Amino acid sequence: MLRNLQKWAQRTALGIGLMSSIYGCGSNNPKNNQITYVPVVEAHVEEEPKEKKVDKLDQLAAIINSVDEAKAYLLSVGYDFEDSNLDDEKSNKSDPPRVSIEDGKAHCFEAVLQVAYFLEDDGFEPLLLTMYTKDKGHSIFLYKENGLYGSIAKSRLKTLESREAVFESVEDLIDSYSDFLPNGERFYRYGVSNLDDLSELRGIDWRTTYQDLHEFNKTAFINNLRSVR
């Protein structure tokens with residue numbers, strides 16, 4: 001009877017040690033009768049890749065692929081009077097495209113930045129044409145099709161917005177704007193700048209920054225400035 005009990009105890013102890021090894025709880029140490037715990041190794045589960053967030057600017061850039069679509073977009077947004085104060089130039093600011101696009105409005109320079117972003121993958125250079133009267137300026141996106149110049153623009157005045165590509169020279173295009181200025185004013189100075197060149201001068205990437213670009217815009221004032229004939 002005693003022998004049978006000893007055999008049963010041995011088999012039970014062996015079974016416990018085996019079960020401990022299988023489930024990672026511990027193992028029986030025959031040398032000192034102490035339990036050594038074995039760390040449980042968890043199975044590695046691959047996480048599904050998170051979808052990259054696409055912001056509004058990139059969403060619009062994916063669907064605006066032509067001059068006409070860019071013009072239609074600018075017609076659908078409001079003018080940013082808050083950032084464009086004719087009476088207090090020091091209070092003005094120019095939001096970069098990733099900021100202004102969220103506001104659903106734009107003044108003339110902000111509109112140029114947005115359009116340049118929309119159309120650069122469609123073969124259009126990011127060209128800024130800035131025109132000046134004696135005390136005011138107007139910025140437009142300059143493009144060329146079939147050897148002729150046109151523009152895409154946002155303005156307080158509808159008569160100073162976009163133009164079809166029907167002008168043989170940049171100055172002819174500028175004249176089409178001067179004809180609609182109030183009080184007999186004319187645009188008598190202008191400059192054409194590539195936004196990428198301005199980025200190098202200012203050390204700011206106009207496509208990705210969230211900084212105010214008002215000083216960036218002022219750089220265009222001294223870049224290739226010339227007189228209208």
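Read-outs throughout are calculated quantities, based only on the coordinates presented, and are distinct from any laboratory measurement. Just so you know, these numbers come straight off a predicted model, no measurement behind them. Glycine gets a Cβ as well: all are built from the backbone with ideal geometry, and neighbour counts include every protein chain shown.
Could you say which residue among 219, 208 is outside any loop (DSSP other than H, G, I, E, B) and under 24 Å from residue 80 (Cβ atoms)?
219
When only residues in the stretch 177-205 that are among the hydroxyl-bearing types (Ser, Thr, Tyr) and part of a helix (DSSP H, G or I) count, which is surrounded by the most Cβ atoms within 10 Å (Cβ to Cβ)?
177
Take residue 172 and decide whether it is of a type in the set (D, E, K, R), under 30 Å from the mean Cα position of the chain (by Cα) and closer than 23 Å to residue 70 by Cβ.
No: the conditions fail for residue 172.
For the stretch 157-176, enumerate the residues that are basic (Lys, Arg) and either surrounded by 15 or more Cβ atoms within 10 Å (Cβ to Cβ) or closer than 16 Å to residue 126 by Cα (or both).
The one that is basic (Lys, Arg) and either surrounded by 15 or more Cβ atoms within 10 Å (Cβ to Cβ) or closer than 16 Å to residue 126 by Cα (or both): 163.
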